[in-house]
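Peer 1: Next up is a structure, given as structure tokens.
Bear in mind these aren't lab numbers, they're just calculated from the coordinates by the rules spelled out. All figures in this text were calculated on a predicted structure; none of them were measured in a lab. Here Cβ is always computed from backbone atoms with ideal geometry, including for glycine, and neighbour counts include all displayed protein chains.
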Amino acid sequence: MEAAEVKITKRTSLPFISNSAGASLKTNFVATQPSSWFAELFAKDQLQGGHVIMLGPSPANERAAKEALRAFPGGLQVGGGITADNAPAFLDAGASHVIVTSYVFREGRLDQDRLDKLQVKAVGRERLVLDLSCRRRPGPTPADPYYVVTDRWQRFSDLAVTRATLEALAGSCDEFLVHGVDVEGMQLGIDEDLVALLGRDAPIPTTYAGGVRSMEDLDRVARAGRGRVHVTVGSALSIFGGALPYDDVVAWHMRNLSLSK
């Protein structure tokens, strides 16, 4: 959500989002339908866990987000500017979970007090998704760790995405959301190394996002993630202006869902 419209953004445009309404944002797609239209479609097709992300604070964005949540009660997660103070209102509007990143990181470090405030006092562990979107630091070694990035993915934190990190944070949230930042919104293919790490080391439900461009990419996530990693599709999806047929993706999801039972 940006300026109360459903948009699919380009990763490289995120630094240009200001804190004011109407800021310039480079996009792959701008919807003509309201947010509630997409929510109703996902409800019809029983697609639980979609993400409503507010890009930049504005009353219009909040209204549009809550319209989507009310159209699919308990079916969508909401993120973007979530704090301990405003999180309960989004749950009351129908969100199944709230998604947080920057609120629990300050000056590149995890703020355990804020995380505790969210999970203990504001929403509870079972309604909290921790966004650990990450990338490798620039350097010559491709096997270097992934580090969580915050503040519109521009600031590296000191938190590496490792088995120890995932195990330590698993007790504070219900799910991890992890964008492969270097491929997000660019339809370049998935970050298979990251998916494999999550499939191997994440002890709680985890959703990967970033780079999906084909049905083959969905299969790669299933294989690399050992059938343990969920996946989101954005820019490539036909309802968001891409070439990947929405109905084909829904059918793939339902097949994999039945196999996991």
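Peer 1: Taking Cα pairs under 8 Å and at least six residues apart, what relative contact order does the chain come out at, in percent?
Peer 2: Relative contact order of the chain: 14 percent.
Peer 1: Does region 154-261 come out rounded, prolate or oblate, given a ≥ b ≥ c as the square roots of the eigenvalues of its C-alpha gyration tensor, rounded meaning a/c under 1.5 and, failing that, prolate meaning a/b above b/c?
Peer 2: oblate
Peer 1: A further question on this structure: Could you tell me the number of lysine pairs in the chain with C-alpha atoms less than 25 Å from each other, where the two lysines are 8 or more residues apart or belong to different chains?
Peer 2: Close lysine pairs under the 25 Å cut-off: 10.
Peer 1: Can you grab the distance from the C-alpha centre of region 59-88 to the C-alpha centre of region 152-223, Å, no decimals?
Peer 2: Measuring centre to centre over Cα atoms gives 23 Å.
Peer 1: From Cα pairs below 8 angstrom and at least 6 apart in sequence, can you work out the relative contact order of region 111-261, rounded to a whole percent?
Peer 2: Once divided by the residue count of region 111-261, the mean separation gives 17 percent.
Peer 1: List every residue whose amide H lies under 5 Å from the amide H of GLY75, counting only residues 5 or more places away in sequence or on a different chain, with H placed 1.01 Å from N in the peptide plane.
Peer 2: Amide H neighbours of GLY75, under 5 Å, 5+ apart: SER96.
Peer 1: Treating only the Cβ atoms of Lys and Arg (+1) and Asp and Glu (-1) as charged, compute the dipole magnitude of region 118-261 about its Cα centre; round to the nearest 20 debye.
Peer 2: The dipole of region 118-261 has a size of about 280 debye.
Peer 1: Considering the dipole of region 75-172 built from charges on the beta carbon (Lys and Arg +1, Asp and Glu -1) around the Cα centre, which of ASN86, VAL100, VAL161 is farthest to its positive end?
Peer 2: VAL161
Peer 1: Here is a further query. As a test of the formula, what do you get for the chain when each DSSP H run with n ≥ 4 contributes -39,500 (n - 2.57) and the sum is divided by the residue count, at 222 nm and rounded to the nearest 500 deg cm²/dmol?
Peer 2: -8500 deg cm²/dmol
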